[in-house]
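Pasting in a structure now, in structure tokens, and then I'll have a few things to ask.
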Amino acid sequence: MTALETQIAALTEENRRLSAKVDYLVEIMTAQGGERKNDLLTIEQIAKRLHVSTRTVTRYVEAGKLPAPTGTGRARRWRVRDLDLFGEAV
């Protein structure tokens with residue numbers, strides 16, 4: 001086996017191992033619903049999940065039905081767990 005063939009074989013094996021790791025991580029993320037409880041969502045993402053307008057999301061926050069977001073202005077974000085708690089309360 002030439003040096004080039006040996007190098008190709010090593011890279012192929014490394015590629016196989018990395019592919020297996022990626023598959024494992026995808027499986028974990030899918031099992032968790034593709035997100036972690038501390039992931040942050042925008043107002044648009046919240047509205048889409050609740051099937052309401054962004055104005056309605058703002059009303060929910062003002063009424064205390066949905067926790068206030070972190071950040072200010074366009075940087076406002078809600079944690080996934082906040083949305084989960086909202087869903088349990090409804």
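Near the amide H of L66, under 5 Å away, which other amide H atoms are found, from residues 5 or more places off or on another chain, if H is placed in the peptide plane?
V61
Further, regarding this structure: Arrange D82, D39, D23 by Cβ neighbour counts within 10 Å, fewest through most, would you?
Values: D82 19, D39 15, D23 10.
Result, fewest neighbours first: D23, D39, D82.
Relative contact order, percent, of region 40-89 when contacts are C-alpha pairs under 8 Å separated by at least 6 residues?
Details: 44 pairs, mean separation 19.7, N = 50.
Result for region 40-89 is 39 percent.
Can you compute 3J(HN,Hα) from phi for each residue in region 58-72, using the Karplus curve 6.51 cos²θ - 1.76 cosθ + 1.60 with θ = phi - 60°, rounded to whole Hz and x for Gly and Pro?
4, 5, 4, 5, 4, 7, x, 6, 10, x, 5, x, 8, x, 9
Since every read-out is calculated from the coordinates, none of them should be taken as a lab result. Only a predicted model underlies this, so the values are computations on that prediction, with no experimental measurement involved. Cβ atoms come from the backbone with ideal geometry, glycine included; neighbour counts cover every protein chain shown.
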